[in-house]
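Structure first, commentary second.
Values in this text are rule-based calculations from the coordinates and carry no lab data. Being a predicted model, the structure only gives us computed values, none of them experimental. Glycine also receives a Cβ, built like all others from the backbone with ideal geometry; neighbour counts cover every protein chain displayed.
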Amino acid sequence: MAIAVFALLTAASLLPVFLTPIPAMVDYPNHLARMYILSHAGAADANPYYEVTWALYPNLAMDLLVPQLARLTGVEDATRLFLLFSQLLIVGGALALERVIKGRVHIAGFAALMFLYSLPFSWGFVNFEFGLGLALWGIATNLLVKERAWPIRLVVNAVFVTALFAAHFFSLGIYGATLGLYELWRAYDRGAPYRDAILRLVLLAVPAVALLELMRLTAGSIGSEGTTWFFALKPLWLFRIMNGYNLTVSAASALALAASLYVAVKRDVLKFEPAGIWLAIGFGLLYLAIPSKLLGTSFVDLRVIPAAALILPAFCSLSLPSRRWTVAALTAVTGITVANLAITYVVWLPHRADYAAIISSFRKIERGSRVLVGGTGKGEDPPFNDLTQYPMFYAPTLAVHYAGAFVPNLFTAVGKQPVQARAAVRRLAIPYGGPMPIGVLAEIATGQAPPDAPPFIRTWYRDYDYLYVLGPHVANPLPDLLEELDTSTRFVLYKIRRTH
């Protein structure tokens, strides 16, 4: 029965990728736009505002793979296949890790399905998703050869460290933290001499240190400046993590999962293995210690939660005493998975029309224009008042492909992406920023600019040719300046009149 339920849930969880040409994930359209630039680099129709600048960046999973695959399938399909493969890596990696630890698969697959559309994944952190899936396979492989001779362990570790370094740096950190904690437990459990434990840890660290030094010598980098802790949010993320589109469903899922785990532990049905206790404590401390924003990357700490949820089940034993317990457990897992999956369908399917509408609107933009993105909200990121609006945040960045346009919000952060704005427009680029509030734009255009207005919009009415305003429809705030060209339920496209 469990196998049949798992198979059905897996099929239902992977199906959304096939039903939507552009998955409704906030970062996904932005990544797709960059894939178009990389795939058309050097061609006659290459975007004139961007240049490709490769360096040793540890965040390049899709940048390395998708353009190569796009030669066979096209960019849009190649990007979707990358997402699908990332999901398969997550589920398969969780199963592989449990198989290595326990000699069988039991609960890890269900845990992976419950978190397959958790907040980091449903928001489109696709390089992280790919990297975390790869990390699961790397952890499993390293534990499979943990008793082999040191040259074998070194080679296996070096291969995965190199791949993870290129894929996503935080996933490499999860990989290293997991194996490091496991080695510490192993040394403690066996009473190993300090020298042996240190040598095993050094063997894990050597490839990463070598790559970091190589990156330094080749002028590569990891992200950018900007490190912030938001300690008040850490308890809240535990309830918001399960679903990236609906906070109520997320909180209900988290509470249902916590209650199920509590009952299982209380009745001695679920038990942590000793290594699992070390890992759980280690992940808990890591979650508390890691900044919310690290090296310019936001939402870093919350990524620890799905990582722990995918790794720890391999180090737990579940003994269901009767068929009644089995049915109850499958009901709880299915309920949580289906609830979060249902929200995904509810958000993704309607966005097919929204993305089609905005792509159609690009035909009304003169090729080679500059396009600013505004919003009817207050500029909060993310807009927790309505997360279903969030997948449209970066949809206008697709104009870089369909209209050969410059869009300041395109991901072009040094140390993360191999695409940079050219010198002529670099002052306008904001590689990580959402729509500017239309109220602020109106104040600037009427000579009442707030003192903290960002430099890239201080003269927006002269620097840009078109303006997208995302969110619920509002009246034209500047009818003398803005001419409405297109409208939809989630955006309005304006042409900026040069007579202003």
> HN-Hα J couplings of the stretch 487-498 from phi, Karplus 6.51/-1.76/1.60, θ = phi - 60°, integer Hz, Gly and Pro as x?
Replying inline: 8, 8, 5, 10, 7, 10, 9, 10, 9, 8, 6, 7
> With each run of n ≥ 4 DSSP H residues scored as -39500 (n - 2.57), what mean residue ellipticity at 222 nm is computed for the chain after dividing by its residue count and rounding to the nearest 500 deg cm²/dmol?
Replying inline: -18000 deg cm²/dmol
> Tally Lys/Arg at +1 and Asp/Glu at -1 over every other residue whose Cβ is under 10 Å from the Cβ of LEU203; what's the total?
Replying inline: +1
>> What do you get for chymotrypsin sites (Phe, Trp or Tyr not before Pro) in the stretch 35-76 restricted to DSSP loop and a cutoff of at most 16 other Cβ within 10 Å of the site's Cβ?
In response: TRP54
> For the chain, how many pairs of lysine residues have a Cα-Cα distance under 17 Å, where the two are 8 or more positions apart or belong to different chains?
Replying inline: 5
>> Through the Karplus equation 6.51 cos²θ - 1.76 cosθ + 1.60, θ set to phi - 60°, convert the phi angles of the stretch 417-433 into ³J(HN,Hα) values in whole Hz; use x for Gly and Pro.
In response: 10, x, 10, 10, 5, 5, 4, 5, 10, 4, 5, 8, 6, 10, x, 9, x
>> Can you tell me how the stretch 76-216 classifies by the Cα gyration tensor, rounded, prolate or oblate, using a/c under 1.5 as the rounded cut?
In response: oblate
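Using a 10 Å cut-off on Cβ atoms, rank the peptides 112-122, 284-294, 434-444 from the highest mean neighbour count down. Intermediate results must be reported in sequence, preceding the final value.
Values: 112-122: 25.5, 284-294: 15.5, 434-444: 20.4.
Packing proxy ranking, top to bottom: 112-122, 434-444, 284-294.
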> Once the stretch 352-496 is represented by equal point scatterers at the alpha-carbon sites, with solvent omitted, what log10 I(q)/I(0) does the Debye formula produce at q = 0.09, 0.15, 0.17 Å⁻¹?
Replying inline: -0.25, -0.72, -0.95
> So, with +1 on the Cβ of K and R and -1 on the Cβ of D and E, and no other charges, what is the size of the charge dipole of the chain about its Cα centre, to the nearest 20 debye?
Replying inline: 940
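For the stretch 352-496, what is the charge dipole size about the Cα centre, in debye to the nearest 20, if Lys and Arg each add +1 at the Cβ and Asp and Glu each add -1 at the Cβ?
560
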> What is the distance, in nm, between label points placed 7 Å from the Cα along the Cα-to-Cβ direction at THR53 and at ASP465?
Replying inline: 2.4
> Which of the following values of volume of the Cα convex hull per residue in Å³ was calculated from the structure shown: (i) 153; (ii) 141; (iii) 175?
Replying inline: (i)
> Over the stretch 234-375, what is the mean sequence separation of C-alpha contacts under 8 Å (at least six apart), divided by residue count, expressed as relative contact order in percent?
Replying inline: 27
>> What does the extension gain come out to for ALA449 and PHE411, with contour length at 0.36 nm per residue minus their alpha carbon separation?
In response: 11.1 nm
> Between ILE152 and GLU213, what FRET efficiency follows from the Cβ-Cβ distance if R0 is 22 Å, with the result rounded to 0.05?
Replying inline: 0.35
> What list do you get for HIS31, HIS351, HIS106 if you sort them by fewest beta carbons within 10 Å?
Replying inline: HIS106, HIS351, HIS31
> ³J(HN,Hα) across the stretch 227-243 via Karplus (A = 6.51, B = -1.76, C = 1.60, θ = phi - 60°), whole Hz, x for Gly/Pro?
Replying inline: 10, 9, 9, 10, 5, 5, 7, 4, x, 5, 4, 4, 9, 8, 6, 6, 8
> How much of the DSSP beta bridge set in the chain is antiparallel, as a percent to the nearest 5?
Replying inline: 70
> Which one of ALA413, ALA445, PRO396 has its Cα pushed farthest toward the positive end of the charge dipole of the stretch 352-496, where Lys and Arg give +1 and Asp and Glu give -1 at the Cβ?
Replying inline: ALA413
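Given R₀ = 25 Å, what would the calculated FRET efficiency be for LEU84 paired with LEU144, taking r from the Cβ atoms and rounding to 0.05?
Values: r = 26 Å, r/R0 = 1.03.
Step by step, r from the Cβ atoms, then E = 0.45.
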> What percent do you get for the relative contact order of the chain when only Cα pairs under 8 Å and 6+ apart count?
Replying inline: 20
>> I'd like to know how the stretch 399-461 sits against the 2.2 N^0.38 Å rule of thumb: what's its Cα Rg over that expected value?
In response: 1.22
> Given 0.36 nm per residue, what is the gain on full extension from LEU15 to LEU318 after removing their alpha carbon distance, in nm?
Replying inline: 106.2 nm
